[in-house]
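Written out below as structure tokens is the structure these notes cover.
Please treat every number below as a calculation from the coordinates, not as lab data. Just so we're clear, the structure is a prediction, and the values are computed from it rather than from any experiment. A quick note on method: Cβ atoms are made from the backbone with ideal geometry, for glycine too, and the neighbour counts reach across all protein chains shown.
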């Protein structure tokens with residue numbers, strides 16, 4: 001069964017030499033080779049500013065770039081977010097993108113009878129791929145992977161997206177070609193399976 005996949009490249013540096021971008025490319029090529037439809041949003045190319053007020057978030061004009069991203073998310077069945085770990089969390093450019101795109105009445109509905117808002121992006125799954133210089137087990141064990149857990153629980157699942165799977169790629173500054181090749185092969189295999 002083929003799926004409609006949306007890759008959200010959250011690395012703010014457009015340099016194609018970034019390993020994060022190579023991983024996203026391997027996932028994309030694997031998915032396309034298996035017959036899946038793949039679209040890509042490159043957050044660095046959008047240049048979106050963070051929101052400055054609740055009024056902007058609730059009723060401000062998001063602009064065409066945000067509306068296009070929303071249409072792409074609506075059309076997707078599976079989202080794959082790629083980003084590097086910066087200061088223990090996602091880069092500010094990706095956070096600004098999520099703030100701009102996941103607005104009320106798009107990503108979740110209003111509260112009803114005092115209940116929490118319902119996620120409007122149900123029926124979609126996601127994978128989050130985080131690259132980092134430190135070993136991945138250290139981020140998970142010592143730091144508790146708090147920022148990743150927050151993204152999964154407070155943003156993606158809140159909007160109705162589930163299941164959410166994760167892949168942590170530590171030690172990306174390694175100069176061992178085998179390390180990079182093995183991770184690229186894994187990403188391509190994930191893309192083929194649309195997982």
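The residues 172, 130, when put in order of fewest to most other Cβ atoms within 10 Å, stand as 172, 130.
Looking at region 4-193, what % of its DSSP beta bridges pair antiparallel, to the nearest 5? Among the beta bridges of region 4-193, antiparallel pairing accounts for roughly 10 percent. A simple spin-label model places the labels of residue 180 and residue 37 3.4 nm from each other, with each point 7 Å out along Cα-to-Cβ. Neighbour counts of other Cβ atoms within 10 Å put 27, 139 in the fewest-to-most order 139, 27. The ellipsoid equivalent to the alpha-carbon distribution of the chain has semi-axes of 27, 19, 16 angstrom, derived from the gyration tensor eigenvalues as √(5λ) and listed largest first.
Between the Cα long axis of helix 64-75 and the first principal axis of the chain there is an angle of about 80°, rounded to the nearest 10. Per-residue ellipticity at 222 nm from helix content only, as computed over the chain with -39500 (n - 2.57) for each DSSP H run of at least four residues, stands at -11000 deg cm²/dmol.
Entry note, region 1-75: relative contact order of 40 percent, from Cα contacts under 8 Å with a spacing of 6+ residues. Compute the angle between helix 19-33 and the longest alpha-carbon principal axis of the chain, please, reported from 0 to 90 degrees and rounded to the nearest 10. With rounding to tens, the tilt is 80 degrees. Stretching residue 92 away from residue 68 to a fully extended chain increases their span by 6.6 nm, per 0.36 nm per residue minus the current alpha-carbon distance.
For the chain, what does the relative contact order come out to in percent, with C-alpha contacts under 8 Å and a separation of six or more? Relative contact order of the chain: 29 percent. The C-alpha atoms of the chain define a longest principal axis, and helix 92-101 lies at about 40 degrees to it. Annotation: for a label point projected 7 angstrom from Cα along Cα→Cβ of residue 2, residues of region 29-48 with backbone N closer than 11 Å are 32-38. Springs between Cα atoms under 10 Å define the GNM used for the chain, and in it the highest mean-square fluctuation of 62, 110, 50 occurs at 110. Could you check which residue among 142, 179, 108 shows the biggest mean-square fluctuation in a GNM of the chain with a 10 Å Cα cutoff? Result for the chain, Cα springs under 10 Å: 142 fluctuates most.
Average 1/r across all pairs of distinct alpha carbons in region 17-99, invert it, and you get the Kirkwood radius: 14.5 Å. Modelled spin-label separation between residue 61 and residue 193, with each label point placed 7 Å from Cα along the Cα-to-Cβ direction: 4.6 nm.
On the beta carbon distance between residue 75 and residue 149, with R0 = 25 Å, the FRET formula returns roughly 0.35. Cβ crowding within 10 Å, taken as a proxy for footprinting-reagent exposure, orders 8, 155 from fewest neighbours to most as 155, 8.
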